[in-house]
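Quick notes on the structure that follows.
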Amino acid sequence: MSHFLVAGGAGYIGSNFVKYLMDTSDHEVTLIDNLSTGRMEAVESLKEQYGSRIFFLKSDLGDPEKLHPYLHKRTVDGVFHFGAFSLVGESQYDPMKYYYNNVACTLSLLKIILEHEIRHFVFSSSAAVYGIPEKTPITEAAERKPINHYGKTKTMIEEVMEALSGREDFVYASLRYFNVAGTDEELVVGECHDPETHLIPIAVKTALGLRDHLALFGTDYPTPDGTAVRDYIHVTDLCRAHWAAFEKIRKANEPLTVNLGSARGYSVREVLETVQRVTGSRFRILEEGRRPGDPPVLIASSEKAKKELGWQAERSLEEMVTSAWAWEKKRSEDGLL
Ligand code: UDP
């Protein structure tokens, strides 16, 4: 049995990862979260389900005053870092928030874990490091050319990890997420952003009648139906990849950078058709102009993940939408929306 730190463990993806690890192993975790966007409700649901295997430390990401005393008391076998702000638009008008949390606090976290001789670090990176790709599907060899501050923060941490990777006491995996959606079928945890900006949760909220309409951003892209194309993967597939990445770097003792996508693109219209079919709701869609900073097409090459991790996305868009729909319905029935 091992003990892991999960930074950002009260957020959407972090909490799903904790649930995945609880269900597939006998390990223990400490969730570190300052609850700025993470939810205590997620921590409580996980504690209720998994009891004494879940520890919670309310703390900023790299706070030495909280983390040093905590780490002096226990042995930790690896760190999974999900604790970043992730709204592209917000990163443009409040860059300090992004550079401080995503970069400065992450550097502090890295310094602390090195001081405590924790060698294995799995980092949530993003397709945003690529900016507007020259070729599709995007391979990991493509140049990093982020076009917003969010993508720049992820690039900066990748650069720091590369600089550190010569050290014997540090090995990392950088996982470049494409579009993550859905939640675990048991609905113990799920996606709750405020404000919500992502297509699938907004669409299911609209289907539930919580919004008057859905704004479709951009119908003049150079794509078959004129709307932007993205590569969506189910959060449970993503969590599985995190564990595979951890095992890989532990065994191979070498750093790893991989895309996590399905190599299959869906247009915004295709996603909305799926949401309308699954939910049975013909909600209103209003066509609007492009959202600034949105590339036309983002599709991952998933060859490297297949080769290095033996991993590929298995769950369909329909499964992502079905679980997102079930989650929103449950929250609505529980009076939480
Ligand atoms: N989108 C949209 N309406 C919305 C939210 C998103 O048309 O209310 C579009 C967005 O412009 C992009 C795609 O859906 O082309 C996926 O956006 P999302 O924010 O989910 O993920 P991103 O690709 O920006 O990470």
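Observations on the structure shown:
- Pairs of C-alpha atoms in segment 160-279 farther apart than 22 Å represent 49 percent of all such pairs.
- Treating r as the C-beta distance of Asp26 and Glu185 and R0 as 25 Å, the FRET efficiency rounds to 0.75.
- log10 of Debye I(q)/I(0), alpha-carbon scatterers only, for segment 42-133 at 0.19, 0.20, 0.26 Å⁻¹: -1.04, -1.11, -1.36
- For segment 290-327, applying the loop criterion from DSSP together with a ceiling of 16 other beta carbons within 10 Å to the GluC sites (Glu not before Pro) yields Glu314.
- Kirkwood Rh, angstrom, segment 75-186 [1 / mean 1/r, Cα pairs]: 15.0 Å
- Net charge contributed by nearby residues that have their C-beta within less than 11 Å of Ile249 (K/R +1, D/E -1): +1
- Net length available on complete extension from Tyr93 to Ser2 is 28.7 nm, with 0.36 nm assigned per residue and the Cα-Cα distance removed.
- Peptides 174-186, 270-282 ranked from most to least packed give 174-186, 270-282, packing being the mean of other C-beta atoms within 10 angstrom over each peptide's residues.
- Reported value for the chain: 124 Å³ per residue, from the convex hull of its C-alpha atoms.
- Residue-by-residue Karplus 3J(HN,Hα) for segment 282-292, coefficients 6.51, -1.76, 1.60, Hz, glycine and proline x: 9, 5, 6, 10, 10, 7, 10, x, 4, 7, x
- For segment 1-83, the gyration tensor built on C-alpha atoms gives an oblate shape. Its axis ratio a/c (a ≥ b ≥ c) is at least 1.5, and a/b is not larger than b/c.
- Summing Cβ point charges (Lys, Arg +1; Asp, Glu -1) relative to the Cα centre of segment 134-249 gives a dipole of roughly 260 debye.
- Dipole of the chain, positive end: most advanced residue of Leu336, Ile54, Leu260 [Cβ charges, Cα centre]: Leu260
- Peptides ranked, highest mean first, by Cβ atoms within 10 Å: ranges 88-98, 201-211: 201-211, 88-98
- Contour minus Cα-Cα distance for Leu114 and Thr75 (0.36 nm per residue): 12.8 nm
- Extension gain from Lys145 to His198, taking 0.36 nm per residue of separation minus the Cα-Cα distance: 16.8 nm
- Three-way shape call for segment 264-321 based on the alpha-carbon gyration tensor, with the a/c threshold at 1.5: oblate
- Taken about its Cα centre, the chain carries a charge dipole of about 220 debye when Lys and Arg each add +1 at the Cβ and Asp and Glu each add -1 at the Cβ.
- Residues whose amide H comes within less than 5 Å of that of Thr257, counting only those at least five positions distant or on another chain, are Ser174 (H built at 1.01 Å from N in the peptide plane).
- Of interest is the spacing of the C-alpha centroids, which for segment 270-337 and segment 57-110 amounts to 27 Å.
- For segment 205-275, average projected area of the Cα convex hull in nm²: 6.8 nm²
A short reminder: the numbers here are calculations on the coordinates, not readings from a lab. Everything numeric here is computed off the predicted structure, so don't read it as measured data. Every residue, glycine among them, receives a Cβ derived from its backbone with ideal geometry; neighbour counts consider all protein chains shown.
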